[in-house]
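Participant: Here it is, the structure, as structure tokens.
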């Protein structure tokens, strides 16, 4: 009598299941391989039906992996400070929770149309966000509104909208205009030095002025943030050594 299987765990590296795989194993269903954390994989059978890693599918059909992507694609804005901007979303839609960190990087912004036309029904934004570019959530008919992040560690005053001029929004406000863009306004603590950090950050203040809120930063580096603010330096020059 042939041995029968009750279940099987497939490796994430698997890319194809043949028609005969597990045909006489005693199983009627099999679970498609789960991708690594932070990734999503899509599969198709012989008729072109789409499945995702982790879906339970019937035995006796063939399945081919058609894509393997990050759920949240991102652009590294500053390697030294571990800051990223989400540039694209490859998930299956529905209720989406955007994490505050990805691969050890802090999510401090979301790029142009990054979540457009993805079948999203609701979205939760991390409190560490500092800007949302234009059209982040456009073309999601079932997403009627979203809420701006709350007050991060008590320092966030509110949000400014730039589409129709400077419109002030409070923390946690519900937003229905999916084509708008936003930038945070913070109140920052002073650093203990003879030259204090500017305490009020307006929409035009360079993003680096707000970094001391996010993570413990050596006092010397915080002074450099202040100097960058004075000279309106937007990006960190990795060629320089401080």
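The values are calculated or read from the model by the stated rules, or taken from the named source; none is laboratory data. Everything numeric here is computed off the predicted structure, so don't read it as measured data. Heads up, the Cβs are rebuilt from the backbone with ideal geometry, glycines too, and the neighbour counts pull from every protein chain shown.
Participant: What are the residues in region 89-99 that are buried (at least 18 other Cβ atoms within 10 Å of the Cβ), within 9 Å of the chain's Cα centre (by Cα) and part of a strand (DSSP E or B), if any?
Facilitator: Hit for region 89-99 is 89, nothing else.
Participant: In addition: Among strands (runs of 3 or more DSSP E) lying entirely in region 1-59, which contain 2 or more residues that are closer than 30 Å to residue 96 by Cα, at pLDDT below 90 and not assigned by TED's automatic domain parsing to the domain that holds residue 93?
Facilitator: Filter on region 1-59 gives an empty set.
Participant: Here's a follow-up. Could you figure out which of (1) in the same structural domain as residue 137 (by TED's automatic domain parsing); (2) exposed (fewer than 15 other Cβ atoms within 10 Å of the Cβ); (3) at pLDDT 95 or above isn't true of residue 76?
Facilitator: Only one criterion is unmet by residue 76, namely (3).
Participant: Same structure again: Among (1) out of contact with any strand residue (DSSP E or B) (no Cβ under 8 Å at 6 or more places or on another chain); (2) touching a residue at least 60 places away in the same chain (Cβ under 8 Å), which single condition is residue 102 missing?
Facilitator: (1)
Participant: Also: Out of the residues in region 20-32 meeting the condition of being buried (at least 16 other Cβ atoms within 10 Å of the Cβ) and touching a strand residue (DSSP E or B) at 6+ places or on another chain (Cβ under 7 Å), tell me which one is nearest to residue 60 (Cα to Cα).
Facilitator: Out of the qualifying residues, it is 22.
Participant: Let me ask something else about it. Look at residue 92 and say whether it is under 21 Å from residue 118 (Cβ atoms) and touching a residue at least 12 places away in the same chain (Cβ under 8 Å). Let's see the steps before the verdict.
Facilitator: Numbers: under 21 Å from residue 118 (Cβ atoms): yes; touching a residue at least 12 places away in the same chain (Cβ under 8 Å): yes.
It is true that residue 92 is under 21 Å from residue 118 (Cβ atoms) and touching a residue at least 12 places away in the same chain (Cβ under 8 Å).
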